[in-house]
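Have a look at the structure below, then the notes.
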Amino acid sequence: MRYQVIVIGAGMVGTSIAWHLQNTGTQVLMLDKRPPGSETSYGNAGLIQREAIHTRPFPRQLVELIRVLPNHSTDIRYRWPAVLRYRQALLKYWQYSSPAEVSKIDQEWQTLIEHCTSEHQEMITSADAEHLIRRVGWIELHRSEDKFNNAVKLAGEAVEQGVTHKVLTVAELQEMEPNVDFKDYVGGIHWLNSWQVTNPGELVKAYAKDFEAKGGAIAEHSVMAIEPFEGGWKVSTDDGDYYSDDLVVAAGPWSADLIEPLGYKIPLFPMRGYHQHFEVTQKNMINHSMIDMDIGFAMGPMQQGIRITTGAEMTLMDASKNFGQLTSVMKHVKKVLPLENAVESEAWCGSRPCMPDMKPVIGAADKHEHLWFAFGHSFQGFTLGPVTGRVVQQLMQGQEPLVDLEPFSSKRFGDQ
Ligand SMILES: Cc1cc2nc3c(=O)[nH]c(=O)nc-3n(C[C@H](O)[C@H](O)[C@H](O)COP(=O)(O)OP(=O)(O)OC[C@H]3O[C@@H](n4cnc5c(N)ncnc54)[C@H](O)[C@@H]3O)c2cc1C
(Lines give C-alpha, C1' and ligand atoms only; values in the text may rest on other atoms or scores of the structure.)
Protein backbone atom coordinates (compact mmCIF):
# COMPACT_ATOMS: atom_id res chain seq x y z
CA MET A 1 0.00 0.00 0.00
CA ARG A 2 1.26 3.47 -0.85
CA TYR A 3 0.31 6.28 1.56
CA GLN A 4 -0.01 9.89 0.52
CA VAL A 5 2.33 10.92 3.34
CA ILE A 6 4.57 9.09 5.79
CA VAL A 7 5.69 11.05 8.83
CA ILE A 8 8.73 9.61 10.63
CA GLY A 9 8.60 10.47 14.33
CA ALA A 10 5.65 10.51 16.70
CA GLY A 11 6.90 13.11 19.15
CA MET A 12 5.03 16.39 19.60
CA VAL A 13 6.35 17.66 16.25
CA GLY A 14 5.63 14.60 14.07
CA THR A 15 2.25 13.94 15.70
CA SER A 16 1.16 17.54 15.14
CA ILE A 17 2.17 17.38 11.46
CA ALA A 18 0.38 14.06 10.97
CA TRP A 19 -2.72 15.47 12.74
CA HIS A 20 -2.88 18.58 10.56
CA LEU A 21 -2.41 16.64 7.32
CA GLN A 22 -5.01 14.03 8.24
CA ASN A 23 -7.36 16.77 9.42
CA THR A 24 -7.30 18.24 5.92
CA GLY A 25 -8.02 14.93 4.22
CA THR A 26 -4.52 13.65 3.44
CA GLN A 27 -3.98 9.97 4.14
CA VAL A 28 -1.06 9.69 6.58
CA LEU A 29 1.01 6.93 8.15
CA MET A 30 2.98 7.97 11.23
CA LEU A 31 5.98 5.71 11.88
CA ASP A 32 7.89 5.54 15.15
CA LYS A 33 9.98 2.91 16.86
CA ARG A 34 8.01 3.61 20.04
CA PRO A 35 4.42 4.61 20.90
CA PRO A 36 3.59 8.33 20.35
CA GLY A 37 5.10 10.75 22.86
CA SER A 38 7.58 8.30 24.39
CA GLU A 39 10.88 10.14 23.92
CA THR A 40 11.80 13.80 24.50
CA SER A 41 8.16 14.81 24.14
CA TYR A 42 7.43 12.56 27.15
CA GLY A 43 10.15 13.70 29.52
CA ASN A 44 10.15 17.47 29.27
CA ALA A 45 8.98 20.05 31.80
CA GLY A 46 5.54 20.22 30.17
CA LEU A 47 5.40 23.95 29.62
CA ILE A 48 3.67 25.53 26.63
CA GLN A 49 5.80 28.61 26.69
CA ARG A 50 4.11 31.68 25.26
CA GLU A 51 6.74 33.72 27.12
CA ALA A 52 9.69 32.04 25.32
CA ILE A 53 10.32 34.91 22.92
CA HIS A 54 14.10 34.73 23.29
CA THR A 55 16.38 31.94 22.08
CA ARG A 56 19.23 30.57 24.21
CA PRO A 57 22.58 31.80 22.94
CA PHE A 58 25.93 30.24 23.81
CA PRO A 59 27.37 32.04 26.85
CA ARG A 60 29.90 34.55 25.50
CA GLN A 61 30.72 36.60 28.57
CA LEU A 62 34.04 35.67 30.15
CA VAL A 63 32.53 35.37 33.60
CA GLU A 64 29.93 32.88 32.27
CA LEU A 65 32.58 30.84 30.45
CA ILE A 66 34.74 30.66 33.57
CA ARG A 67 31.72 29.49 35.52
CA VAL A 68 30.80 26.72 33.05
CA LEU A 69 34.32 25.53 32.07
CA PRO A 70 35.18 23.45 35.19
CA ASN A 71 32.10 21.32 34.35
CA HIS A 72 30.62 21.42 37.87
CA SER A 73 27.79 23.86 37.23
CA THR A 74 24.27 22.62 37.83
CA ASP A 75 22.65 24.17 34.73
CA ILE A 76 25.02 23.07 31.98
CA ARG A 77 27.55 20.23 31.71
CA TYR A 78 29.45 18.66 28.87
CA ARG A 79 31.31 15.47 28.05
CA TRP A 80 34.39 15.65 25.86
CA PRO A 81 33.40 12.98 23.26
CA ALA A 82 30.33 15.09 22.40
CA VAL A 83 32.30 18.34 22.33
CA LEU A 84 34.73 16.76 19.86
CA ARG A 85 32.02 15.17 17.71
CA TYR A 86 29.93 18.37 17.52
CA ARG A 87 32.82 20.88 17.55
CA GLN A 88 31.84 22.47 14.22
CA ALA A 89 28.22 22.89 15.28
CA LEU A 90 29.40 24.38 18.58
CA LEU A 91 31.68 26.83 16.79
CA LYS A 92 28.74 27.93 14.67
CA TYR A 93 26.59 28.15 17.80
CA TRP A 94 29.18 30.52 19.26
CA GLN A 95 29.19 32.61 16.06
CA TYR A 96 25.39 32.83 15.92
CA SER A 97 25.36 33.93 19.56
CA SER A 98 26.69 37.45 18.92
CA PRO A 99 24.20 40.10 20.08
CA ALA A 100 23.48 41.23 16.49
CA GLU A 101 22.76 37.69 15.27
CA VAL A 102 20.66 36.85 18.32
CA SER A 103 18.52 39.94 17.85
CA LYS A 104 17.68 38.89 14.25
CA ILE A 105 17.18 35.22 15.17
CA ASP A 106 14.86 36.15 18.05
CA GLN A 107 12.63 38.13 15.69
CA GLU A 108 12.31 35.11 13.39
CA TRP A 109 11.75 32.76 16.31
CA GLN A 110 8.99 34.98 17.68
CA THR A 111 6.94 34.50 14.50
CA LEU A 112 6.51 30.86 15.56
CA ILE A 113 6.13 31.33 19.32
CA GLU A 114 3.31 33.86 19.01
CA HIS A 115 1.00 31.11 17.70
CA CYS A 116 1.89 28.42 20.22
CA THR A 117 -1.12 28.53 22.54
CA SER A 118 -3.76 29.15 19.86
CA GLU A 119 -2.39 26.26 17.79
CA HIS A 120 -2.30 23.91 20.79
CA GLN A 121 -5.84 24.95 21.69
CA GLU A 122 -7.32 23.72 18.41
CA MET A 123 -5.73 20.31 18.92
CA ILE A 124 -6.57 20.17 22.65
CA THR A 125 -10.24 20.78 21.87
CA SER A 126 -10.36 18.27 19.05
CA ALA A 127 -8.51 15.63 21.11
CA ASP A 128 -10.66 16.26 24.20
CA ALA A 129 -7.47 16.79 26.21
CA GLU A 130 -8.54 19.76 28.33
CA HIS A 131 -8.01 17.74 31.55
CA LEU A 132 -4.24 17.71 30.91
CA ILE A 133 -3.90 21.50 30.68
CA ARG A 134 -3.49 23.91 33.60
CA ARG A 135 -3.76 27.54 32.57
CA VAL A 136 -2.04 28.87 35.68
CA GLY A 137 1.19 30.06 34.06
CA TRP A 138 4.55 29.20 35.58
CA ILE A 139 6.98 31.02 37.85
CA GLU A 140 10.58 32.04 37.12
CA LEU A 141 12.61 32.22 40.36
CA HIS A 142 15.69 34.37 40.91
CA ARG A 143 18.43 34.28 43.55
CA SER A 144 20.46 37.30 42.41
CA GLU A 145 19.29 40.93 42.40
CA ASP A 146 21.14 41.81 39.19
CA LYS A 147 19.73 38.98 37.14
CA PHE A 148 16.28 39.50 38.60
CA ASN A 149 16.27 43.20 37.71
CA ASN A 150 17.35 42.38 34.18
CA ALA A 151 14.65 39.70 33.89
CA VAL A 152 12.01 42.18 35.10
CA LYS A 153 13.16 44.65 32.43
CA LEU A 154 12.90 42.00 29.70
CA ALA A 155 9.48 40.92 30.99
CA GLY A 156 8.32 44.52 30.69
CA GLU A 157 9.47 44.63 27.07
CA ALA A 158 7.72 41.32 26.31
CA VAL A 159 4.32 42.90 27.03
CA GLU A 160 4.43 44.49 23.58
CA GLN A 161 4.49 41.01 22.10
CA GLY A 162 1.41 39.84 23.93
CA VAL A 163 3.25 38.11 26.79
CA THR A 164 1.62 38.80 30.15
CA HIS A 165 3.34 38.57 33.54
CA LYS A 166 3.32 39.68 37.16
CA VAL A 167 6.47 40.47 39.14
CA LEU A 168 6.35 38.73 42.53
CA THR A 169 8.05 39.64 45.79
CA VAL A 170 9.29 36.88 48.08
CA ALA A 171 6.25 37.46 50.33
CA GLU A 172 3.91 37.05 47.35
CA LEU A 173 5.75 33.91 46.26
CA GLN A 174 5.37 32.51 49.77
CA GLU A 175 1.67 33.20 49.75
CA MET A 176 1.23 31.42 46.41
CA GLU A 177 3.41 28.45 47.29
CA PRO A 178 3.40 27.94 51.08
CA ASN A 179 5.39 24.66 50.92
CA VAL A 180 8.39 26.21 49.16
CA ASP A 181 11.25 27.75 51.15
CA PHE A 182 12.03 31.03 49.35
CA LYS A 183 14.74 32.31 51.73
CA ASP A 184 17.47 32.12 49.06
CA TYR A 185 15.40 33.94 46.45
CA VAL A 186 14.98 37.64 45.75
CA GLY A 187 11.78 37.45 43.70
CA GLY A 188 9.98 35.85 40.80
CA ILE A 189 8.16 36.46 37.54
CA HIS A 190 4.82 34.77 37.06
CA TRP A 191 4.28 34.15 33.33
CA LEU A 192 0.54 34.36 33.10
CA ASN A 193 -0.34 33.28 29.58
CA SER A 194 1.89 30.22 29.37
CA TRP A 195 0.35 26.83 30.17
CA GLN A 196 1.38 23.78 32.13
CA VAL A 197 0.67 20.25 30.95
CA THR A 198 0.33 17.68 33.73
CA ASN A 199 1.53 14.78 31.58
CA PRO A 200 3.35 15.79 28.37
CA GLY A 201 3.52 12.26 26.96
CA GLU A 202 -0.24 11.82 27.47
CA LEU A 203 -0.94 15.04 25.56
CA VAL A 204 0.98 13.69 22.56
CA LYS A 205 -0.88 10.38 22.91
CA ALA A 206 -4.21 12.24 22.99
CA TYR A 207 -3.29 14.12 19.79
CA ALA A 208 -2.19 10.81 18.21
CA LYS A 209 -5.46 9.11 19.22
CA ASP A 210 -7.38 11.96 17.63
CA PHE A 211 -5.24 11.59 14.50
CA GLU A 212 -6.26 7.92 14.38
CA ALA A 213 -9.89 8.84 14.94
CA LYS A 214 -9.64 11.05 11.85
CA GLY A 215 -8.48 8.01 9.85
CA GLY A 216 -4.69 8.27 10.29
CA ALA A 217 -2.53 5.15 10.67
CA ILE A 218 0.28 4.52 13.16
CA ALA A 219 2.92 1.81 12.88
CA GLU A 220 5.55 1.01 15.51
CA HIS A 221 8.77 0.18 13.68
CA SER A 222 12.31 1.42 13.58
CA VAL A 223 13.19 3.19 10.33
CA MET A 224 16.48 1.90 8.94
CA ALA A 225 16.69 3.77 5.62
CA ILE A 226 14.79 6.11 3.32
CA GLU A 227 15.22 6.35 -0.44
CA PRO A 228 13.46 7.89 -3.43
CA PHE A 229 11.20 5.37 -5.14
CA GLU A 230 8.98 5.76 -8.23
CA GLY A 231 8.36 9.49 -7.79
CA GLY A 232 7.80 9.08 -4.05
CA TRP A 233 9.57 7.40 -1.14
CA LYS A 234 10.42 3.98 0.18
CA VAL A 235 10.87 3.73 3.95
CA SER A 236 12.64 0.56 5.07
CA THR A 237 11.95 -0.50 8.64
CA ASP A 238 12.90 -3.42 10.88
CA ASP A 239 9.59 -4.94 9.82
CA GLY A 240 9.35 -4.40 6.07
CA ASP A 241 9.03 -1.51 3.65
CA TYR A 242 6.47 1.30 3.46
CA TYR A 243 5.79 3.58 0.50
CA SER A 244 4.45 7.11 0.16
CA ASP A 245 4.13 10.03 -2.24
CA ASP A 246 5.59 12.48 0.30
CA LEU A 247 7.85 11.93 3.29
CA VAL A 248 8.23 14.09 6.40
CA VAL A 249 11.24 13.62 8.68
CA ALA A 250 10.29 14.73 12.19
CA ALA A 251 12.50 12.40 14.21
CA GLY A 252 13.72 14.96 16.76
CA PRO A 253 17.40 14.55 17.67
CA TRP A 254 17.71 11.47 15.39
CA SER A 255 16.69 13.38 12.25
CA ALA A 256 20.12 14.40 10.94
CA ASP A 257 21.41 10.80 10.97
CA LEU A 258 18.35 9.61 9.02
CA ILE A 259 18.86 12.07 6.17
CA GLU A 260 22.65 12.12 6.00
CA PRO A 261 22.80 9.18 3.52
CA LEU A 262 20.70 11.35 1.15
CA GLY A 263 23.40 14.03 1.17
CA TYR A 264 22.09 16.38 3.88
CA LYS A 265 24.61 17.46 6.49
CA ILE A 266 22.55 19.30 9.06
CA PRO A 267 24.48 20.51 12.12
CA LEU A 268 21.92 19.18 14.60
CA PHE A 269 23.27 18.33 18.05
CA PRO A 270 21.66 16.85 21.18
CA MET A 271 21.40 18.53 24.58
CA ARG A 272 20.37 15.97 27.13
CA GLY A 273 18.14 16.57 30.14
CA TYR A 274 17.15 14.35 33.06
CA HIS A 275 14.00 14.12 35.14
CA GLN A 276 12.79 12.29 38.20
CA HIS A 277 9.39 12.24 39.91
CA PHE A 278 8.87 12.44 43.66
CA GLU A 279 5.79 11.43 45.64
CA VAL A 280 3.45 14.27 46.51
CA THR A 281 2.75 14.83 50.22
CA GLN A 282 0.92 17.49 52.22
CA LYS A 283 4.32 19.11 52.88
CA ASN A 284 5.56 19.43 49.29
CA MET A 285 2.41 20.00 47.25
CA ILE A 286 2.91 22.87 44.76
CA ASN A 287 0.42 24.75 42.60
CA HIS A 288 2.70 25.99 39.81
CA SER A 289 5.69 24.83 37.83
CA MET A 290 8.73 26.84 38.91
CA ILE A 291 12.14 27.22 37.31
CA ASP A 292 15.17 28.22 39.34
CA MET A 293 17.04 30.41 36.85
CA ASP A 294 20.32 30.39 38.78
CA ILE A 295 20.72 26.71 39.64
CA GLY A 296 18.91 25.60 36.47
CA PHE A 297 16.16 23.16 37.44
CA ALA A 298 12.40 23.01 37.02
CA MET A 299 9.91 21.55 39.50
CA GLY A 300 6.42 20.90 38.28
CA PRO A 301 3.26 19.20 39.57
CA MET A 302 2.63 16.26 37.25
CA GLN A 303 0.26 13.30 37.28
CA GLN A 304 3.19 11.03 38.18
CA GLY A 305 4.38 13.24 41.10
CA ILE A 306 6.55 16.33 41.36
CA ARG A 307 8.79 16.28 38.29
CA ILE A 308 12.27 17.71 38.72
CA THR A 309 13.98 18.40 35.39
CA THR A 310 17.58 19.41 34.83
CA GLY A 311 19.23 21.89 32.48
CA ALA A 312 21.47 20.72 29.63
CA GLU A 313 24.17 18.09 29.39
CA MET A 314 26.05 18.01 26.12
CA THR A 315 26.67 14.34 25.50
CA LEU A 316 26.37 11.77 22.73
CA MET A 317 22.92 10.32 22.04
CA ASP A 318 23.96 6.82 23.04
CA ALA A 319 26.17 7.76 26.01
CA SER A 320 25.30 6.06 29.30
CA LYS A 321 23.35 8.04 31.87
CA ASN A 322 25.43 10.22 34.16
CA PHE A 323 23.51 11.27 37.24
CA GLY A 324 26.09 13.83 38.45
CA GLN A 325 24.13 16.86 37.28
CA LEU A 326 20.83 15.59 38.70
CA THR A 327 22.47 14.69 42.02
CA SER A 328 23.95 18.22 42.32
CA VAL A 329 20.62 19.77 41.39
CA MET A 330 18.73 17.63 43.94
CA LYS A 331 20.87 19.00 46.79
CA HIS A 332 19.52 22.47 45.95
CA VAL A 333 15.97 21.29 45.28
CA LYS A 334 15.71 19.58 48.65
CA LYS A 335 16.64 22.84 50.40
CA VAL A 336 13.67 24.46 48.68
CA LEU A 337 11.05 21.69 48.74
CA PRO A 338 10.81 18.64 51.04
CA LEU A 339 11.05 15.73 48.58
CA GLU A 340 11.56 12.23 49.92
CA ASN A 341 10.45 9.22 47.93
CA ALA A 342 11.37 9.01 44.27
CA VAL A 343 8.63 7.43 42.15
CA GLU A 344 10.99 5.63 39.75
CA SER A 345 14.14 3.76 40.74
CA GLU A 346 16.12 5.48 37.98
CA ALA A 347 15.88 8.96 36.47
CA TRP A 348 14.72 9.42 32.85
CA CYS A 349 16.88 11.13 30.26
CA GLY A 350 16.25 12.42 26.74
CA SER A 351 17.76 14.85 24.26
CA ARG A 352 16.65 18.23 23.01
CA PRO A 353 17.28 18.53 19.26
CA CYS A 354 19.40 21.70 18.98
CA MET A 355 20.61 23.83 16.07
CA PRO A 356 23.62 26.19 16.06
CA ASP A 357 21.44 29.13 14.99
CA MET A 358 18.80 28.21 17.59
CA LYS A 359 16.03 27.89 14.98
CA PRO A 360 14.28 24.69 13.91
CA VAL A 361 14.52 23.32 10.39
CA ILE A 362 11.05 23.48 8.84
CA GLY A 363 10.24 23.16 5.16
CA ALA A 364 11.01 21.41 1.88
CA ALA A 365 14.29 19.56 1.43
CA ASP A 366 16.44 21.23 -1.21
CA LYS A 367 17.92 18.17 -2.95
CA HIS A 368 14.82 15.98 -3.32
CA GLU A 369 11.22 16.44 -4.38
CA HIS A 370 8.45 15.47 -1.95
CA LEU A 371 10.76 15.41 1.07
CA TRP A 372 10.04 17.67 4.07
CA PHE A 373 11.91 18.43 7.26
CA ALA A 374 10.63 19.43 10.70
CA PHE A 375 13.09 19.08 13.58
CA GLY A 376 15.57 20.99 15.72
CA HIS A 377 13.11 22.77 18.02
CA SER A 378 15.66 22.58 20.86
CA PHE A 379 14.29 23.81 24.23
CA GLN A 380 10.74 24.50 22.96
CA GLY A 381 9.65 21.62 20.73
CA PHE A 382 6.76 20.72 23.01
CA THR A 383 5.54 24.30 22.72
CA LEU A 384 6.08 24.57 18.96
CA GLY A 385 4.83 21.18 17.71
CA PRO A 386 1.32 22.32 16.71
CA VAL A 387 2.41 25.53 14.94
CA THR A 388 4.99 23.45 13.06
CA GLY A 389 2.24 20.98 12.17
CA ARG A 390 0.09 23.78 10.80
CA VAL A 391 2.78 25.36 8.62
CA VAL A 392 4.10 22.06 7.25
CA GLN A 393 0.57 21.08 6.24
CA GLN A 394 0.03 24.47 4.58
CA LEU A 395 3.33 24.27 2.74
CA MET A 396 2.76 20.70 1.54
CA GLN A 397 -0.72 21.59 0.29
CA GLY A 398 0.49 24.67 -1.60
CA GLN A 399 -1.12 27.19 0.75
CA GLU A 400 0.42 30.39 2.10
CA PRO A 401 1.93 29.36 5.47
CA LEU A 402 0.87 31.15 8.63
CA VAL A 403 4.53 32.05 9.18
CA ASP A 404 7.25 33.01 6.69
CA LEU A 405 9.31 29.81 6.55
CA GLU A 406 12.35 31.18 4.72
CA PRO A 407 14.36 31.67 7.96
CA PHE A 408 13.76 28.02 8.87
CA SER A 409 14.77 26.45 5.56
CA SER A 410 17.45 23.73 5.56
CA LYS A 411 19.04 25.65 2.66
CA ARG A 412 20.48 28.11 5.16
CA PHE A 413 23.38 25.71 5.79
CA GLY A 414 24.33 25.47 2.12
CA ASP A 415 26.31 22.48 0.91
CA GLN A 416 28.38 21.45 3.90
C1 LIG B 1 14.49 18.04 30.44
C2 LIG B 1 13.75 18.69 29.28
C3 LIG B 1 12.78 19.66 29.55
C4 LIG B 1 12.10 20.27 28.47
N5 LIG B 1 11.08 21.14 28.76
C6 LIG B 1 10.36 21.67 27.74
C7 LIG B 1 9.22 22.50 28.01
O8 LIG B 1 8.83 22.71 29.16
N9 LIG B 1 8.56 23.04 26.96
C10 LIG B 1 8.95 22.81 25.67
O11 LIG B 1 8.34 23.37 24.75
N12 LIG B 1 9.99 21.99 25.38
C13 LIG B 1 10.70 21.41 26.38
N14 LIG B 1 11.75 20.59 26.11
C15 LIG B 1 12.12 20.35 24.70
C16 LIG B 1 11.14 19.40 24.03
O17 LIG B 1 10.89 18.30 24.85
C18 LIG B 1 11.67 18.94 22.67
O19 LIG B 1 12.06 20.05 21.90
C20 LIG B 1 10.58 18.20 21.92
O21 LIG B 1 10.06 17.14 22.70
C22 LIG B 1 11.09 17.66 20.59
O23 LIG B 1 10.00 17.02 19.97
P24 LIG B 1 10.21 16.14 18.69
O25 LIG B 1 8.89 15.63 18.28
O26 LIG B 1 11.02 16.91 17.71
O27 LIG B 1 11.18 14.96 19.19
P28 LIG B 1 10.86 13.64 20.04
O29 LIG B 1 9.80 13.85 21.02
O30 LIG B 1 12.17 13.13 20.54
O31 LIG B 1 10.29 12.64 18.95
C32 LIG B 1 11.09 12.10 17.92
C33 LIG B 1 10.55 10.72 17.65
O34 LIG B 1 11.25 10.16 16.53
C35 LIG B 1 11.33 8.77 16.75
N36 LIG B 1 12.42 8.22 15.94
C37 LIG B 1 13.69 8.67 15.87
N38 LIG B 1 14.41 7.92 15.02
C39 LIG B 1 13.56 6.97 14.54
C40 LIG B 1 13.72 5.88 13.65
N41 LIG B 1 14.90 5.62 13.04
N42 LIG B 1 12.66 5.09 13.42
C43 LIG B 1 11.45 5.33 14.00
N44 LIG B 1 11.25 6.35 14.87
C45 LIG B 1 12.30 7.16 15.13
C46 LIG B 1 11.61 8.66 18.25
O47 LIG B 1 11.27 7.36 18.73
C48 LIG B 1 10.75 9.76 18.81
O49 LIG B 1 9.49 9.29 19.26
C50 LIG B 1 12.44 19.95 27.14
C51 LIG B 1 13.40 18.96 26.89
C52 LIG B 1 14.05 18.33 27.95
C53 LIG B 1 15.06 17.25 27.64
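For this structure, a couple of remarks:
- Carbon + sulfur, % of accessible area of the chain - ligands and nucleic acids excluded, 1.4 Å: 52 percent
- Amide H contacts of Gly350: Gly273, each under 5 Å away and 5 or more positions distant or on a separate chain (H built 1.01 Å from N in the peptide plane; Pro and chain starts excluded).
- Using only side-chain charges placed at the Cβ, +1 for Lys and Arg and -1 for Asp and Glu, the dipole size of segment 283-392 relative to its Cα centre rounds to 300 debye.
- Largest-first ordering by accessible area, 1.4 Å probe, given options Asp292, Asp245: Asp245, Asp292
- Against the chain, whose longest principal axis is taken from its Cα atoms, helix 381-396 shows a tilt of about 30°.
- If the segment from Asp106 to Gln61 were pulled out straight at 0.36 nm per residue, it would be longer than the present Cα-Cα gap by 14.3 nm.
- Structure-based [θ]222 nm, the chain - -39500 (n - 2.57) summed over DSSP H runs of at least 4, per residue, nearest 500: -9500 deg cm²/dmol
- Cleavage-rule hits, trypsin sites (Lys or Arg not before Pro), segment 1-72, DSSP coil, Cβ neighbours within 10 Å at most 13: Arg60
- Full-stretch length increase - Glu346, Tyr243 - with 0.36 nm per residue and alpha-carbon distance subtracted: 33.2 nm
- For the chain, the longest principal axis of the alpha carbon atoms and the long axis of helix 99-113 meet at an angle near 70°.
- Amide H within-cut-off set for Gly187, under 5 Å, with H built and near neighbours excluded: His142
- Here the Karplus curve 6.51 cos²θ - 1.76 cosθ + 1.60, taken at θ = phi - 60°, turns the phi angles of segment 304-309 into couplings of 7, x, 7, 8, 9, 10 Hz, with x standing for Gly and Pro.
- Where both bridge residues fall in the chain, DSSP classifies roughly 65% of the beta bridges as antiparallel.
- Solvent-accessible surface (1.4 angstrom probe) belonging to Arg135, in square angstrom, nearest 10: 100 Å²
- Reach of Lys321 by Cα under 24 Å, taken over lysines that are not fewer than 8 positions away in the same chain: Lys33, Lys331, Lys334
- Residues of type lysines that Lys359 reaches as a straight line, Cα spacing below 18 Å, ignoring anything fewer than 8 places off in the same chain: Lys92, Lys104, Lys265, Lys411
- Between Asn150, Asn287, Asn322, the GNM of the chain built on Cα springs shorter than 10 angstrom shows Asn150 fluctuating the most.
- Computed from Cα atoms, the angle from the helix 145-158 axis to the main principal axis of the chain rounds to 50 degrees.
- Each residue of segment 293-301 is assigned a 3J(HN,Hα), and the resulting list reads 6, 8, 7, x, 9, 10, 10, x, x Hz, derived from the Karplus form 6.51 cos²θ - 1.76 cosθ + 1.60 (θ = phi - 60°), x at Gly and Pro.
- The heavy atoms of His54 present about 80 square angstrom of accessible area, all protein chains included, probe 1.4 Å.
- Entry comment: accessible area of segment 145-192 is 55 Å² per residue, from protein heavy atoms only and a probe of 1.4 Å.
- Taking amide H as placed 1.01 Å from N in the peptide plane, Arg77 has its amide H under 5 Å from the amide H of Ala312, Glu313, Met314, each at least 5 places away in sequence or on another chain.
The values are calculated or read from the model by the stated rules, or taken from the named source; none is laboratory data. Source: prediction; values computed, not measured. Because the Cβ atoms are built from the backbone with ideal geometry, glycine has one as well, and the counts that use them run over all protein chains shown. Note: areas computed on protein heavy atoms with side chains; ligands, DNA, RNA excluded. Shrake-Rupley method; radii C 1.70, N 1.55, O 1.52, S 1.80 Å.
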